[in-house]
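Q: Please see the structure below; I have some questions.
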Amino acid sequence: MGRIYNQRITGFHTGALRAWGLLFLAAGATGVCILQNGMLGMNRLSGQQLLEIMETSDTAMTAATVSLILQALETCAVPIFAFLMVEGFRHTRNFKNYLLRVLALAVVTELPYNLTIGGQWLDQSTRNPVFGVALGLIILYFYRMYPEKKVKNTIMKGIVTLAAVVWAFMLSIAYGQTLILIGATVWAFREKPLLRDIAGASVTLLCSLSSLFFVAAPMSFLILHGYNGEKGGTSPWINYLAYPGILLAVGLAGAYVF
């Protein structure tokens with residue numbers, strides 16, 4: 001009991017950080033599936049039709065506003081999971097098995113993600129963010145191959161990062177490019193927590209140039225700054241199945257309620 005109390009007053013372990021990230025992801029899923037696709041029917045209406053509904057209905061305007069706020073909160077999960085990606089890579093004893101587990105999670109997550117975001121089980125327009133984590137782990141592996149602070153190695157890391165960003169774009173991975181850029185920043189300053197948080201928040205804020213939703217995301221570094229280096233006692237099954245479980249619950253709610 002004393003250990004749990006001590007963790008609460010000294011900061012967040014990885015389990016607590018993951019819980020914060022899942023909370024933000026659940027908020028975003030609710031905003032898209034329940035409010036946008038369910039109440040407003042944004043995935044079925046044209047822009048003109050949606051505008052007409054919002055002009056004549058205060059309820060529709062409120063739902064649209066709340067959904068945008070929830071989507072902004074969702075972006076706060078990206079720095080958290082970028083950080084957890086780096087921490088997981090640094091402490092894993094078997095990179096190959098770790099990567100395979102993340103890839104398996106990405107595959108399992110895809111169907112509930114499609115249902116929640118697009119309203120159908122099969123959707124080729126976008127891929128779930130877990131694929132971005134898998135891609136990020138691969139570039140971290142390459143980073144570790146070029147650890148020395150030499151110009152040649154810095155250039156190589158830059159090329160690998162750029163290639164990963166391009167692949168994330170080509171594969172239409174949700175938040176993939178941002179996750180990779182934030183993950184690269186967290187890795188670069190992994191031994192200097194204060195610089196890590198300042199640099200990470202700055203890069204995250206720059207990402208708002210491509211999506212205004214990311215204006216809220218730098219706030220997550222206030223949570224990350226409280227990381228206490230502890231792993232936490234969360235079950236691995238919960239860690240891996242929580243996200244697809246949340247998506248499935250929200251997706252089914254949206255499908256059967258509306």
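The values are calculated or read from the model by the stated rules, or taken from the named source; none is laboratory data. This one's a predicted model, so the numbers in the text were calculated from it and none came from an experiment. Please note: Cβ atoms are built from the backbone with ideal geometry, for glycine as well, and neighbour counts cover all protein chains shown.
Q: Can you list the helices (runs of 4 or more DSSP H) found entirely within region 40-125 that contain at least 3 residues being over 27 Å from CYS207 (Cα atoms) and at pLDDT below 90?
A: Once the helices (runs of 4 or more DSSP H) in region 40-125 are filtered for at least 3 residues that are over 27 Å from CYS207 (Cα atoms) and at pLDDT below 90, what remains is 47-56, 58-74.
Q: Kindly indicate whether LYS231 is more than 25 Å from THR109 (Cβ to Cβ) and either modelled with pLDDT of 90 or more or not polar (S, T, N, Q) (or both).
A: no
Q: Follow-up. Are any residues in region 110-129 touching a Phe, Trp or Tyr at 6+ places or on another chain (Cβ under 6 Å) and not aliphatic (A, V, I, L, M), and if so, which ones?
A: ASN114, ASN128, PRO129
Q: Could you pull out every one of the helices (runs of 4 or more DSSP H) wholly within region 162-241 that has 3 or more residues that are closer than 19 Å to ARG127 by Cα?
A: So the answer is 176-188.
Q: Within the bounds of region 178-188, is there any residue that is surrounded by 15 or more Cβ atoms within 10 Å (Cβ to Cβ), more than 13 Å from the chain's Cα centre (by Cα) and over 22 Å from SER208 (Cβ atoms)?
A: no
Q: Quick check on region 107-129. Is at least one of its residues over 19 Å from the mean Cα position of the chain (by Cα), of a type outside the set (S, T, N, Q) and within 20 Å of GLU191 (Cβ to Cβ)?
A: no
Q: Given the conditions (1) surrounded by 13 or more Cβ atoms within 10 Å (Cβ to Cβ); (2) at negative phi, and given that SER210 satisfies all but one, which numbered condition is not satisfied?
A: (1)
Q: Just name the residue that is nearest to ARG18 (Cα to Cα) out of those in region 65-94 that are buried (at least 23 other Cβ atoms within 10 Å of the Cβ) and in contact with a Ser or Thr (Cβ under 7 Å, 6 or more places away or on another chain).
A: In this case the residue turns out to be ILE80.
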